[in-house]
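The values are calculated or read from the model by the stated rules, or taken from the named source; none is laboratory data. Not measured: the values here are computed from a predicted model. Here the Cβ positions follow ideal geometry from the backbone for every residue, glycine too, while neighbour counts run over all protein chains shown. These area figures cover heavy atoms from the full protein model, side chains too; ligands, DNA and RNA do not enter into them. Shrake-Rupley method; radii C 1.70, N 1.55, O 1.52, S 1.80 Å.
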Amino acid sequence: MLERKEARLNRLLTAGRCLDIAVDHGVCNEPTFLSGLEDMPRVMDQLVAAAPDAIQLNYGQADLLQGRPGRNKPALVMRLDMGNPYNATAHRVMWAVLQNAEDPVLPAVQMDAACVVVNLFMLPGEPDLFRQCVANIARVRAECDRYGMPLMIEPLVMAPHTERGGYMVDGDAEKIVTLVRLAREMGADIVKADPTTNAADFHRVVQAARCPVLVRGGGKEDLRQVFARSRELLDQGAVGLVYGRNVYQHRDPSAVVRALMAMIHRDASAELAWQVYESGDTERVLADR
């Protein structure tokens, strides 16, 4: 079965590296996440043309990628779970459930996904939510082994709920390392981890994972800062990035993708990535370095 997982991983990771553009935000039921995703066919046209390694979708939108003819398109990463921790409004009961209760991985197999992804939430004072995530992962991992499907686990350490809009990322390196280690213990083939507050600590996350680590992007930020932080985290051992709002909420998502691909696959600096973003000409910019 390991060989079957490797075959799919080879579609996801280009020479061991990956840019995965996450546009699976619809299941979060949070309106602020949908700005930029109103017209999904148009978004998909832009992203496919920009040619990242992968695009992350839910089952109900996966046809926009997999329905395209030909082999030259990004790999599909399919989200299998949903929950309410991302909502700006605090809830009395926190929950995370699998979207397909009967056979959670089968829809990804049917849509020819290269990987599936499931959350591992750790929120203050919410042990039952954590238990639900552990149960989800145990169920999904068994099905992934059955189908030869790589499992991406997303360990998320959150700070207390604030009026700024829901639970925010807790960048404490000790907490992130501990939860990433748990994700690996549960059988993660890939880990999608939040950046540590101090980027210089991120190598500890990579060490704990003992599998490819992709960095989670979070909310929209200044693009120069995104490039600078991304370069630091890649230099700490991350093999790629999973960015959503920092791509699709910018005025030119395709240009952002080209810049990030230059960083991941061509080892471009943050400054060169900015030049690629502005010029749209990766080859000319990198030839001049």
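Points to keep in mind about this one:
- Close pairs (7 angstrom Cβ cut-off, 6 or more residues apart or separate chains): under 19 Å from residue 224 (Cβ atoms) and open to solvent by less than 50 Å² (accessible area, probe 1.4 Å) in the range 272-289, of a type in the set (A, V, I, L, M, F, W, C) and not in a helix (DSSP H, G or I) anywhere: 276/268; 286/268
- Note on the range 184-214: residues that are over 19 Å from residue 13 (Cα atoms) and within 15 Å of the chain's Cα centre (by Cα) total 2.
- Residue within the range 35-50 that is of a type in the set (A, V, I, L, M), exposed (fewer than 13 other Cβ atoms within 10 Å of the Cβ) and over 18 Å from the mean Cα position of the chain (by Cα) present: yes
- In the range 208-233, the residues that are part of a helix (DSSP H, G or I) and either open to solvent by less than 10 Å² (accessible area, probe 1.4 Å) or closer than 19 Å to residue 23 by Cα (or both): 209, 223, 226, 227, 230, 233
- Only one of the listed residues (141, 79) is open to solvent by 50 Å² or more (accessible area, probe 1.4 Å) and within 19 Å of the chain's Cα centre (by Cα). That residue is 141.
- Every test in (1) free of Cβ contacts under 8 Å to residues at least 40 places away in the same chain; (2) in a helix (DSSP H, G or I) is passed by residue 196 save one, and that test is (2).
- Taken together, 27, 48, 43, 105 contain a single residue that is closer than 26 Å to residue 220 by Cα and in contact with a strand residue (DSSP E or B) (Cβ under 7 Å, 6 or more places away or on another chain), which is 27.
- As for the range 100-119, it holds at least one residue that is farther than 14 Å from residue 151 by Cβ, at pLDDT below 95, open to solvent by 10 Å² or more (accessible area, probe 1.4 Å) and of a type in the set (S, T, N, Q).
- Among the residues of the range 12-22, not a single one is part of a helix (DSSP H, G or I) and open to solvent by 30 Å² or more (accessible area, probe 1.4 Å).
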